[in-house]
Amino acid sequence: MTVDLVVRGARVLTSQFMVERAGVAVQDGKIVALAKDPHLPEASQVVDADGKILMPGAIDAHAHIYDPDYTHREDWKSGSEAAAAGGVTLLMDMPLVLTVMPELARQKIEVGERESLVDFSLHAGMMTSEEHLRRMPELAEMGILSFKAFTTKPFLASYDYIEELLIRASELGGRIVVHSEDNQVIERGVHRVRDVEGRKDPLAHHDSRPPEAEAVAVARIIESVARVGGHYHVAHINTARGAELVAHAKARGLRVTSETCVHYLVFTKDDVGKWGPYLKMTPPLRTKEDVRGLWEALLTGGVDMIATDHAPGTREEKEVGWDDIWEAWGGIPGVETLLPISMSEGLHRWGIPPTVLCAALCANPAKAFGMYPKKGELAPGSDADLVVYDQSLEVEIRADRLHYKVGWTPYEGIVVRGWPVLVTVRGEVVAQDGEPVGRPGHGEFVRMGRWR
Ligand SMILES: [Zn+2]
């Protein structure tokens, strides 16, 4: 038989194993075989990936694409071009204002299917009202089975509401994603730093949000899961203590998962001295002990996946923060550097096994959100979302090589070993040598599955 595409000669990497001189065969957008070179079929197109890593495309479980709300910062086209160039083949869009209502979610899907190069799914949020709870079954019908809530402002929901959300989501086979910082701890911290001390300097934001805020909220919601069941996914975990709580919850048999973000694995709050408001994000950066603890948590189950919380602001929206940090946009770009930085830092600085990194970037997000093994895996029947990653490249990250609309990156100047040189989504090439080549509108909306 002759198939559409064969990638051969690679070091095939999955969440389970790494095997040399092997590859995959692709037909009609799906993987039909994974085998050592001699056993691969004939193909109309053959990619020789000699010595390079072949892995599934990365999944970013937490990316704000903003389209159609704030397209001056990012839209589906620019966001998905950046994703493709960096080896992300599935973006899970995290809303800021849209998608809490089915009619708005439909609008978002429409724009995505018209403009995106890569596949995408949606989280619904922000969940704050009774009306939002009533619309959940409709969202579930649409394949949106992840419901985002906050324990703090600006989308404050009470712990009681979040427990109710957990029950309702669970009845639908869905999960809740919670920005987990305890509101009382945050309010007290912000009051002290901003109102009492009167600080406006860039570090004031970081100092106003104590690390205990995370542990308090995570522990509280874990007890809700213990009482009523359901699946709680902790958004952007940023403290070693928070990750420990997740690992402990798993040991109790509770369905709790977590993501951290690349920036919590690379920066500490000391870096704010150099970058100022450009490193303003919520939750803020922590200490080097937390950085180490989060990397180690990839091995203990305290952290399941690495995401980005991609939420770029323009330079102007950042620059105002030099004088008054409270006025600056909170959020940074990240989708394009997710895979290269995670792989390079993980393998070479922290000694994380490649299979663990692959699980954190590919299989685990797909599993947590009911899209496995269609997504996040190299196996017969899975979508042919492929990344050929050339470890021999040494790349200095520079904003002018990236594809974000905002034109800056906090990772400027960081040198990584390796970059994706070929990226496919369902068998179609969407990026080559770090440049997007895909067709806007190739991306499809992917439905989440039920967890039971
Ligand atoms: Zn976010």
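Mind checking the angle between helix 102-115 and the chain's longest principal axis? C-alpha axes, 0 to 90 degrees, to the nearest 10.
The angle comes out near 40 degrees.
If you line up the long axis of helix 159-171 against the longest principal axis of the chain, both from Cα atoms, how many degrees apart are they, to the nearest 10?
Computed tilt is about 30 degrees.
Cα extents of segment 100-173 along the three principal axes, largest first, in whole Å?
39, 27, 19
For an R0 of 45 angstrom, estimate the FRET efficiency from the Cβ-Cβ distance between ILE167 and GLU435 and round to the nearest 0.05.
Calculated transfer efficiency: 0.45.
Using 0.36 nm per residue of separation minus the Cα-Cα distance, give me the extension gain between GLU197 and GLU138 in nm, one decimal.
16.5 nm
Determine ³J(HN,Hα), in whole Hz, for all residues of segment 82-94 in sequence, where each value follows from phi through the Karplus function 6.51 cos²θ - 1.76 cosθ + 1.60 and θ = phi - 60°; x replaces Gly and Pro.
Karplus-based 3J(HN,Hα) across segment 82-94 equals 5, 4, 4, 4, x, x, 8, 9, 9, 9, 9, 6, 9 Hz.
Ratio to report: Rg/Rh of the chain, with Cα atoms as the point set and Rh obtained by the Kirkwood method; give two decimals.
Values: Rg = 20.8 Å, Rh = 21.8 Å.
Here Rg/Rh amounts to 0.96.
At 7 Å along Cα-to-Cβ for each site, give me the label-to-label distance between GLU20 and ARG292 in nm.
Using points 7 Å along Cα→Cβ, the separation is 3.4 nm.
From a point 7 Å beyond the Cα of LYS153 in the direction of its Cβ, which residues of segment 321-356 have a backbone N at a distance under 14 Å?
326-327
For VAL47, list long-range residues whose amide hydrogen, built 1.01 Å from N in the peptide plane, is under 5 Å from its own amide hydrogen.
VAL6, VAL7, ARG8
For the chain, take the longest principal axis of its alpha carbons; what is the angle in degrees between that and the long axis of helix 212-228, to the nearest 10 within 0 to 90?
Value to nearest ten degrees: 70.
To the nearest 500 deg cm²/dmol, what mean residue ellipticity at 222 nm is calculated for the chain from DSSP H runs of n ≥ 4 alone, each contributing -39,500 (n - 2.57), summed and divided by the residues?
Roughly -8500 deg cm²/dmol at 222 nm, from the helical runs in the chain.
Once amide H atoms are built 1.01 Å from N in the peptide plane, which residues 5 or more positions from ALA384, or in another chain, come under 5 Å H to H?
LYS30, ILE31, ARG426, GLY427
What Kirkwood hydrodynamic radius, in Å, does segment 232-302 give when the mean of 1/r is taken over all pairs of distinct Cα atoms and then inverted?
On the way: mean 1/r = 0.0805 Å⁻¹.
This gives a value of 12.4 Å.
Values in this text are rule-based calculations from the coordinates and carry no lab data. All values reported here derive from a predicted model rather than from experimental measurement. So basically every Cβ, Gly included, is an ideal-geometry build from the backbone, and we count neighbours across all protein chains shown.
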